[in-house]
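The values are calculated or read from the model by the stated rules, or taken from the named source; none is laboratory data. Please read these numbers as outputs of a predicted model, since none were measured by experiment. Because the Cβ atoms are built from the backbone with ideal geometry, glycine has one as well, and the counts that use them run over all protein chains shown. Accessible surface is based on the protein model in full, side chains and every heavy atom, while ligands, DNA and RNA are left aside. Shrake-Rupley method; radii C 1.70, N 1.55, O 1.52, S 1.80 Å.
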Amino acid sequence: MRGLFITFEGPEGAGKTTVIQQLAKELKDEGIDFVLTREPGGIQIAEQIRSVILDCNNTMMDARTEALLYAAARRQHLVERVIPALESGSIVLCDRFIDSSLAYQGYARQIGVEEILSINEFATEKRMPDLTVYFDIAPEEGLKRITANNKREINRLDQEAIDFHHRVREGYLKVFDRFQDRFVKVNAERELKVVYNDVKQQVLSFIETNVSNSETMK
Ligand code: TMP
């Protein structure tokens with residue numbers, strides 16, 4: 001018995017988290033069995049690592065320390081939350097996974113994508129998502145939305161210069177080209193409702209065509 005591992009990726013302010021929450025509500029109404037989680041975090045140890053990584057006071061953090069902390073949080077979250085859920089046949093919806101590290105640490109921090117892929121393959125034992133929905137948005141637009149949304153906390157990475165955010169987007173586009181077989185790209189510059197309908201349609205049709213276990217769809 002095996003579930004489906006669906007991840008959501010994109011730069012800051014793309015509307016990703018809001019869309020995932022709406023999608024979760026829709027899946028619940030349809031009676032579909034799923035687990036909603038996020039990275040870095042989702043479980044206690046990884047949430048503790050998250051607060052170290054994103055603490056705005058940690059300005060001394062070295063880029064490789066940051067990359068290793070993300071990979072450590074990923075490992076713990078994968079073994080404690082994601083794999084057990086997949087093994088019980090659930091659909092796992094995860095807000096960020098390995099592609100965030102490839103785009104942010106590999107490209108934007110300029111550590112190198114092969115090095116980041118290699119530490120992450122160690123962390124995940126090469127477990128990859130079945131589907132990745134990528135929210136594409138220009139960094140200026142995304143950052144404008146974060147500033148307008150005063151409920152959202154500003155973290156250490158949000159405070160990077162605009163060049164960093166441009167490299168994040170370029171990084172994602174390169175990652176998208178490399179892993180085209182599991183990626184779908186969504187234009188996140190449109191109205192949130194339109195983005196939501198697009199994502200919902202992509203995810204539901206993926207679930208319908210890939211659910212092998214009739215128990216998963218009630
Ligand atoms: P969030 O705001 O989407 O919860 O993500 C937290 C921040 O961490 C966001 O700026 C993206 C960043 N991040 C990385 O740089 N590398 C990673 O591997 C992950 C999962 C997140």
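Given the structure, is LEU93 within 25 Å of GLY15 (Cβ to Cβ) and modelled with pLDDT of 95 or more?
Yes, satisfied.
If I ask for residues that are touching a strand residue (DSSP E or B) at 6+ places or on another chain (Cβ under 9 Å) and part of a loop (DSSP other than H, G, I, E, B), which ones from region 6-38 would you list?
GLY10, PRO11, ALA14, GLY15, GLU30, GLY31, ASP33
Could you give me the residue pairs with C-beta distances under 9 Å whose first residue belongs to region 77-88 and is assigned to a helix (DSSP H, G or I), whose second residue is acidic (Asp, Glu) wherever it lies, and which are 6+ apart or on separate chains?
HIS77/GLU39; LEU78/GLU125
For residues that are in a helix (DSSP H, G or I) and open to solvent by less than 30 Å² (accessible area, probe 1.4 Å), scanning just region 148-169, find the one that is farthest from GLN110 (Cα to Cα).
HIS165
Can you tell me which residue among LEU131, LEU173 is under 29 Å from MET61 (Cβ atoms) and under 19 Å from the mean Cα position of the chain (by Cα)?
The match here is LEU173.
Are any residues in region 110-135 touching an Asp or Glu at 6+ places or on another chain (Cβ under 9 Å) and either outside any loop (DSSP other than H, G, I, E, B) or without any contact (Cβ under 8 Å) to a residue 12 or more places away in the chain (or both), and if so, which ones?
Result: THR132, VAL133, TYR134, PHE135.
Name every residue in region 8-36 that is open to solvent by 10 Å² or more (accessible area, probe 1.4 Å), β-branched (Val, Ile, Thr) and away from the ligand (no atom under 11 Å from the Cβ), in order of residue number.
Correct list: THR18, ILE32, VAL35.
Identify, please: which residue in region 136-147 is assigned to a helix (DSSP H, G or I) and more than 15 Å from the ligand (Cβ to nearest atom) and is, among those, modelled with the lowest pLDDT?
Filtering first and then ranking leaves LYS144.
Would you mind finding the one in ILE45, ILE49, ILE53 that is more than 26 Å from VAL184 (Cβ to Cβ) and in contact (Cβ under 8 Å) with a residue 40 or more places away in the chain?
The unique qualifying residue is ILE53.
For region 86-100, give me each residue that is over 21 Å from LEU117 (Cα atoms) and either surrounded by fewer than 20 Cβ atoms within 10 Å (Cβ to Cβ) or within 16 Å of the ligand (Cβ to nearest atom) (or both).
Correct list: GLU87, SER88, GLY89, VAL92, LEU93.
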